[in-house]
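These notes concern the structure reproduced below.
Every number in this text was worked out from the coordinates using simple rules, so none of it is lab data. Model, not experiment: these values are computed from the prediction. Here the Cβ positions follow ideal geometry from the backbone for every residue, glycine too, while neighbour counts run over all protein chains shown.
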């Protein structure tokens, strides 16, 4: 569990306090400030689709499910493809695409660079990870959203998603990290 901060420590702008008790500077991310337990904890408590799902469905669960459908060489990338959201938020794709929010994408890119360095990932997301992310996106829309858009040939998983609790999502993400050789404390 994270350490408690004093009021004076909380008031310094430009940084956030993480679950592990570390300070993280989103505008100046450093690989040594990235902690796997912070990623697992934060992503397990963030709901996909800005919370507009029929029931809670975490970014951690999404990341685990992406990991699970990838080839072994891309699983680490798949598990960590949304890790920046542990230090920012899960901003929906349509908003990220807006020119007015370019600064968000720039900050996210800086954080992803630090994550890639921390976990020895190639700086460019593999195509297979992007494809798996899209498969999960359309499966999640089908199973978790109130609206049902036309899929226009988009691939989905055969199985139905029944969301995990945040605690289960955290444990599942920690387990996958350990299986990939990432130390989680």
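Its relative contact order, with pairs defined as Cα atoms under 8 Å and 6+ residues apart, puts the range 41-128 at 26 percent. Max-minus-min Cα coordinates of the chain on each principal axis give 52, 38, 31 Å, with the largest extent listed first. Model label points for residue 154 and residue 180, set 7 angstrom from Cα along the Cα-to-Cβ axis, are 2.3 nm apart.
Think of it as helices only: each DSSP H run of n ≥ 4 in the chain is worth -39500 (n - 2.57), and spread over all residues that comes to -13000 deg cm²/dmol at 222 nm.
Between the range 40-89 and the range 124-181, the C-alpha centres lie 8 angstrom from each other. Kirkwood hydrodynamic radius computed over the range 94-185 comes to 16.2 Å, based on all pairs of distinct alpha carbons. Over the range 19-179, Cα pairs under 8 Å with separation of 6+ residues give a relative contact order of 32 percent.
Diffusion coefficient (Stokes-Einstein, Kirkwood radius over C-alpha pairs, 37 °C, 0.692 mPa s) for the range 61-143: 246 µm²/s, rounded to a whole number. Note on residue 17/residue 107: beta-carbon distance plugged into 1/(1 + (r/R0)^6) with R0 of 25 Å gives a FRET efficiency of 0.90.
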